[in-house]
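Each remark here refers to the structure printed beneath this line.
The values are calculated or read from the model by the stated rules, or taken from the named source; none is laboratory data. The shown structure was predicted, so the numbers you read here are calculated from the model rather than taken from an experiment. So basically every Cβ, Gly included, is an ideal-geometry build from the backbone, and we count neighbours across all protein chains shown. The accessibility values were calculated without ligands, DNA or RNA, using every heavy atom of the protein model including side chains. Shrake-Rupley method; radii C 1.70, N 1.55, O 1.52, S 1.80 Å.
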Amino acid sequence: MHDRHDPFLAALDAYAAAVKAKDVDAFAALYDDDVHVFDLWGRWELRGLPAWRAMAREWFGSLGGETVVVTHAHAHSQAGAELAYGHALLTYTAYAADGSRLRSLDNRISAALARRAQGWKIVHEHTSAPVDHASGKAVLQRDGAE
C-alpha cells in the first residue's frame, strides 16, 4: 500500500482491490460522474460514469472464475489542493480459480483527479500501449528494461 495522502497512488491501490474483487461499485466509486476515459480496449473513448460502469460490469462478468491482479511500477504523481495527476505502468495478470497463472499484459496509465465533496475522483484516464510499426499491433509486454 502507498501513502494515502497521495491521491493518485491511493487510487491505484483502490483500483487494484476493486478489480481483484470484481467489485463494480468499488471500481465506479473511484471515478467522477463526468469521467472521460481513453481506454486501450475496444472503444475510442467513454464519457460519463454510466458508460464506464457498464464497461466494468462487462469486463468483470467476462472473467467467470478468473481473478485479475493489477500491479503498478514506475508511478509518479503530483497533487495540489484541488487537482492531482499521475502516470504509471500497469500489469494485469489473470489467474484461474485454482490459482494457476493464465496470462499477463502491460499497459500505461495517466490519470487526472479532482477533489470533490466525496474525496478525490478520477476525472480523466488514459491507458495506452506502444504500437509496433511493422505489424501495427499493440505491444502488451514490457521487456523490463524500460
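For the range 61-89, the set of residues classified as among the hydrophobic types (A, V, I, L, M, F, W, C) and without any contact (Cβ under 8 Å) to a residue 40 or more places away in the chain consists of Ala73, Ala81, Leu83, listed by residue number. Among the residues of the range 19-44, which ones are under 19 Å from Ala112 (Cβ atoms), open to solvent by 70 Å² or more (accessible area, probe 1.4 Å) and not in a strand (DSSP E or B)? Matches in the range 19-44: Trp44 only.
Scanning the range 119-131 for residues that are closer than 24 Å to Gly42 by Cβ and either part of a strand (DSSP E or B) or at pLDDT 95 or above (or both) returns Lys121, Ile122, Val123, His124, Glu125, His126, Thr127, Ser128, Val131.
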